[in-house]
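First comes the structure, then the notes that go with it.
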């Protein structure tokens, strides 16, 4: 009897197993893996755990995007906010990528994209719903689209950027993952694409940590989402991936060319034409799929005064690409910056990727044109695009409008300098930025970092990025914005401020006593009230950069810091600091040009103060007056990019009624209203970087 029961049980098990086998075989491999994972979960494992699935990483960057045949996937997308990770592949509910639906009315499905909230792509999620203003976690973005597949051609799914980690699914298949934000990437989706309707799903994680790039604490808004254009790009089976053109190092009559192809056989030809100059050359691809060579030409050189661009055609495989490209030379000689062999001063302004008069991230050509037009009205010839790569419209418009550019990756403040994964993200961002914009004449400086601490680990990390950048592109300058002020510098500056305080008729006796205590502590090194001071930049990173870029805030943060250390009120110290700045000079121990990459002060538009109180337009104006006077007398300084063109969103600054989560150092406010310092800087630039009489 027992034997019969056992045999019957075995028989039923076999039947069940066979039925299960037929069911599993009807699923895709991805669905099978997720289903089996959910059934084999051991006691104690989380119900909504991530699967063990690995994801493909994006291939090398696809260049010349605007020259290609493409279909926009911009528009309305569904969003489901998912901080608990319910949609995680392999979860108990199957995971959102499986796209289960409650058609029978009896299926437990915890999501429905058809009825979900809608947002606009490109765009960030934080500014499109007040409930998501501070949101920094996981969410799902989904849209359906119609497509047509064509034999012999490939379809690439291209994202201008996704902040900060994006995992892509198409028609239920895992396509790949990119981590890092701000830079473009794509996947080949030919095999997953259907003729007719398709369902695209992007799992975005907007969290940042010490190991991410950027770090978790930033002085700008970490906008999350698909913040740039999304396209389907149609390419031939054999196609051009990217192409770089630049003047040869030793001649303005030769243009170096490097073309990277895919599925283009060795020995096949690439043809490069510049119709306006009536020149053409043919190059051969090698076994690595690269064609290199030169074309003899005599182009007019691009400059802010003459932003000349040429229509360049490149043909290879089945690709025929055409883009406007300019040619110029940027280099340094001692403490000078040379553009096309002539000394140039960088009359600049810093920016953030936020539009004028609108909330959220600037993502369109119209957004960027409005920002650059306002910068041009300021009289600038240079833009510092801080602190991360902007959308592709910025360098294209700068080419057209005659504005030199500094472009930067978000290696910012204190990050995890010793983790390989962190370095890999930074290298990926740098490579994709350089390869996207290496044909933009406007880009003259690549920046690898901003305001990083002076440590051995940081130096090793940044030298790695500098080496990578120069390997990718040796036709531009490399820099990093150094953090101003060392302890010895501040001690010597404090002593000079104290000497001025003791000699001042406008300082109370109590404050003079505290200033005298500072001088007594300085002892033999105590200065007189009339002593000037040269602050010399010695950061060892300067040995490896082409330009010494330096951020300093004497009239803003430094005044507050020194007042606390000296035990005096800021109301006493700030006027002394503005007076002292007239006798302060900036220099470097390196025989290289200095660029003052930041200075400034906060002011809310319309806030007035006859006593020059902080946050007033008058105080910001006084800081600019003192800064410009100081820097115009520092001969090693060859350029400025004050902080900043426009007030911008930042979580660091909650001060109600003034900041309201804005950094208020803009020369215009978020709606484009100009503050008085705008006009002072404009006059300074229009007067050849001298203060007007």
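Here, each number is a calculation from the coordinates, and none is a lab measurement. What you are looking at is a predicted structure, and each value in this text was computed from that prediction instead of being measured. Note that each Cβ is placed from the backbone with ideal geometry, even for glycine, and that neighbours are counted across all protein chains shown.
At an R0 of 60 angstrom, the distance between the Cβ atoms of residue 102 and residue 460 translates into a FRET efficiency of 0.65. Stretching residue 110 away from residue 521 to a fully extended chain increases their span by 141.1 nm, per 0.36 nm per residue minus the current alpha-carbon distance. Averaged over residues, the count of other Cβ atoms within 10 Å places the peptides 293-306, 471-484 in the sequence 471-484, 293-306, highest first. Model label points for residue 92 and residue 144, set 7 angstrom from Cα along the Cα-to-Cβ axis, are 3.0 nm apart. Where both bridge residues fall in the chain, DSSP classifies roughly 70% of the beta bridges as antiparallel. The fraction of all Cα pairs in the stretch 555-653 landing in successive 5 Å bins from 0 to the largest distance is 2, 12, 19, 22, 20, 15, 7, 2, 0, given as whole percents.
Distance from the C-alpha centroid of the stretch 297-324 to that of the stretch 86-110: 51 Å, rounded to the whole angstrom. Axis of helix 557-566 versus longest Cα principal axis of the chain: the two differ by about 60°, to the nearest ten degrees. With R₀ fixed at 45 Å, the C-beta to C-beta distance from residue 298 to residue 587 puts the FRET efficiency at about 0.65. Taking a point 7 Å out from the Cα of residue 129 in the direction of its Cβ, the residues of the stretch 147-187 whose backbone N falls within less than 17 Å of it are 163-164.
For the pair residue 487 and residue 359 in one chain, pulling the backbone fully straight at 0.36 nm per residue adds 42.1 nm over the alpha carbon distance.
Ordering 357-365, 663-671 by mean Cβ neighbour count within 10 Å, with the highest value first, yields 663-671, 357-365. Rounded to the nearest 500, the helix-only mean residue ellipticity at 222 nm of the chain stands at -8000 deg cm²/dmol, with each DSSP H run of n ≥ 4 adding -39,500 (n - 2.57). Put simply, the stretch 239-317 fits an ellipsoid with semi-axes of 25, 12, 11 Å; these come from the alpha carbon gyration tensor as the roots of five times its eigenvalues, largest first. Cα centroids of the stretch 521-585 and the stretch 196-268: 42 Å apart. Report the full-extension gain for the segment residue 472 to residue 331: residue separation times 0.36 nm, less the Cα-Cα distance, to one decimal in nm. Taking residue 472 through residue 331 to full extension adds about 49.1 nm, to one decimal.
Measuring r between the beta carbons of residue 613 and residue 534 and using R0 = 30 Å, the FRET efficiency lands at 0.45.
When restricted to Cα atoms, the stretch 333-686 yields an Rg and a Dmax of 20.4, 62 Å, respectively. Of the peptides 236-243, 651-658, 592-599, the order by per-residue mean of other Cβ atoms within 10 Å, starting with the highest, comes out as 592-599, 236-243, 651-658. Relative to the longest principal axis of the C-alpha atoms of the chain, give the angle of the C-alpha long axis of helix 29-39, reported between 0 and 90° and rounded to the nearest 10°. Once rounded, one gets 90 degrees.
Enter the angle in degrees (range 0 to 90, nearest 10) between the Cα long axis of helix 617-632 and the first principal axis of the Cα atoms of the chain, meaning the one along which they spread out most. With rounding to tens, the tilt is 80 degrees. Our analysis of the chain gives Rg over Rh at 1.04, with the two radii drawn from alpha carbon positions and Rh computed by the Kirkwood formula.
Each residue, residue 366 and residue 634, gets one label point 7 Å from its Cα in the Cβ direction; the gap between the two is 4.1 nm.
Reported to the nearest whole Å, the Cα centre-to-centre distance from the stretch 60-75 to the stretch 350-366 is 21.
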